[in-house]
Amino acid sequence: MMVKVMRPIFQPEGDSKFVLYPYWIFHLKLFYKRLGRSDRVLDYYVYVDLYRLGAERGDGFIELYEWDVDERQVMEPLVDYEEAKIKAFESAIHWGNIKIISWWLPRIEIVREAMAYKVFWVFERDGEKFVMDSLDGKEFRLRDLTRIERRPTCRGLRCR
């Protein structure tokens, strides 16, 4: 299966496996009309997480590679294109309204878009499994990510 992958910056030393996490990436142009002042045009790059429906602003459109991977390494998106686009537009409007004072909402144009995957490396160190984010290099213990916290049982008069 051929997929687009965000260029990994960090990778653990030694043997590692990976999981691909889905994103929609958008480069948007925001066109603001302003009374008594010149109109403004802003570029906005946004990465929409297709699991949590979160949006992160970027500095640019990250370089993408084509990888041929086993489909078991690819996480299926839970959010469709339309939901991701709406989230990207909401994020852009919120950011733009902080930067520009205007009576009107901006006209938004999609310059470039791509569905791509972020690489999360899975590796073992000292007998313990870790997950590493390929873009910022942060490492997390796999058992901490999969641990299920149980609510403490309540005993006493105030419990429901």
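The values are calculated or read from the model by the stated rules, or taken from the named source; none is laboratory data. None of these values were measured; they are calculated from a predicted model. Please note: Cβ atoms are built from the backbone with ideal geometry, for glycine as well, and neighbour counts cover all protein chains shown. The area values use the complete protein model at the heavy-atom level, side chains included, leaving out ligands, DNA and RNA. Shrake-Rupley method; radii C 1.70, N 1.55, O 1.52, S 1.80 Å.
Tabulated values for the structure
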quantity: Of all residues in the range 4-55 being assigned to a strand (DSSP E or B) and over 27 Å from VAL79 (Cβ atoms), the one that is least open to solvent (accessible area, probe 1.4 Å); calculated: TYR32
quantity: Selection within the range 58-69 - within 14 Å of the chain's Cα centre (by Cα) and surrounded by 10 or more Cβ atoms within 10 Å (Cβ to Cβ); calculated: GLY58, PHE61, ILE62
quantity: Test: residue in the range 53-60 that is over 30 Å from GLU124 (Cα atoms), touching a His at 6+ places or on another chain (Cβ under 7 Å) and not hydroxyl-bearing (Ser, Thr, Tyr); calculated: no
quantity: Residues (closer than 16 Å to TYR47 by Cβ and assigned to a helix (DSSP H, G or I)) located in the range 57-82; calculated: TYR81
quantity: Residues being polar (S, T, N, Q), without any contact (Cβ under 8 Å) to a residue 40 or more places away in the chain and open to solvent by less than 50 Å² (accessible area, probe 1.4 Å) - total across the range 124-146; calculated: 0
quantity: Condition met for ARG72 (open to solvent by 50 Å² or more (accessible area, probe 1.4 Å) and under 27 Å from GLU128 (Cβ atoms)); calculated: yes
quantity: Residues of the range 104-123 satisfying the condition of being crowded, with 17+ Cβ neighbours inside 10 Å, touching a Leu at 6+ places or on another chain (Cβ under 8 Å) and of a type outside the set (D, E, K, R); calculated: PRO106, ILE108, ALA116, TYR117, VAL119, PHE120
quantity: Selection from the range 83-103 of residues that are open to solvent by 80 Å² or more (accessible area, probe 1.4 Å) and either in a loop (DSSP other than H, G, I, E, B) or of a type in the set (Asp, Glu) (or both); calculated: GLU83, GLU90, ILE101, TRP103
